[in-house]
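Novice: Input: one structure, supplied below.
Coordinate-derived values only; no laboratory data. Just so we're clear, the structure is a prediction, and the values are computed from it rather than from any experiment. Here the Cβ is made from the backbone with ideal geometry for all residues, glycine too, and neighbour counts use every protein chain on show.
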């Protein structure tokens, strides 16, 4: 005849097979998941700032090339002006004087354009530097979040609350870097 198991005994058998969990490990798992989510968000933000900084740097290079072209054109007009002045001095032909005056006026306009472009280069470079700085701050935050996740894993393996507390503290440092990078 088969032996029947009493429900109470069955429950005791199940409890003896299932590992017992300490209550704090639920919080450990929850904080680790939250840290991972914050790390993912911070990583995305860091990449976005890096991308924007590279675009600004590219813009600065493009405008720098345009400014260089304008300065070269400015110098070419200066050479033409000097040649026309020299020819006027030798020949006293009014046409050369008119040419020299016209080249001088054109040269001033070109100079203003080149200076405006140079100023745009400075602005783009300054923006790029600011964006790179933000990227670096947030990337530091991501690093601290990764360290915090590793400490959480150690806390789980060793069942040691000290590592969990250290993980939460390191997360706080990461949050400071993240917030200062975003602001």
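Novice: Put a dot 7 Å past each Cα toward the Cβ at residue 48 and residue 79; how far apart are the dots in nm?
Specialist: Going from the residue 79 label point to the residue 48 one covers 5.0 nm.
Novice: Another question, then. Please state, rounded to one decimal and in Å, the Kirkwood hydrodynamic radius that the chain gives when every pair of distinct Cα atoms enters the mean of 1/r.
Specialist: Values: mean 1/r = 0.0443 Å⁻¹.
One decimal place: 22.6 Å for the Kirkwood radius.
Novice: Right, here's the next one. For residue 66 and residue 115, compute 0.36 nm times the residue count separating them, minus their Cα-Cα distance, and round to one decimal in nm. Could the numbers behind the result be given before it?
Specialist: On the way: separation 49, 0.36 × 49 = 17.64 nm, distance 1.09 nm.
Extending this stretch completely gives an extra 16.6 nm.
Novice: Please arrange 164, 24 by how many other C-beta atoms lie within 10 Å of their C-beta, fewest to most.
Specialist: Details: 164 23, 24 12.
Ranked by crowding around the Cβ, least crowded first: 24, 164.
Novice: Next up: Helix 94-158 against the longest principal axis of the chain: what's the angle in degrees, Cα atoms only, rounded to the nearest 10?
Specialist: 10 degrees
Novice: How many nm separate the modelled label positions at residue 108 and residue 143, each set 7 Å beyond the Cα in the direction of the Cβ?
Specialist: About 5.4 nm, to one decimal.
Novice: Relative contact order for segment 24-182 using alpha-carbon pairs under 8 Å, separation at least 6, rounded to a whole percent? Walk me through the numbers on the way to the answer.
Specialist: Details: 182 pairs, mean separation 53.2, N = 159.
Relative contact order, segment 24-182: 33 percent.
Novice: May I pose another question? Can you tell me how much longer the chain between residue 24 and residue 97 gets when fully stretched, taken as 0.36 nm per residue apart minus their C-alpha distance, in nm with one decimal?
Specialist: Details: separation 73, 0.36 × 73 = 26.28 nm, distance 9.12 nm.
Result: 17.2 nm gained on full extension.
Novice: Find the centroid of the Cα atoms in segment 134-161 and in segment 57-128, then give the distance between the two in whole Å.
Specialist: The distance from the Cα centre of segment 134-161 to that of segment 57-128 comes to 56 Å.
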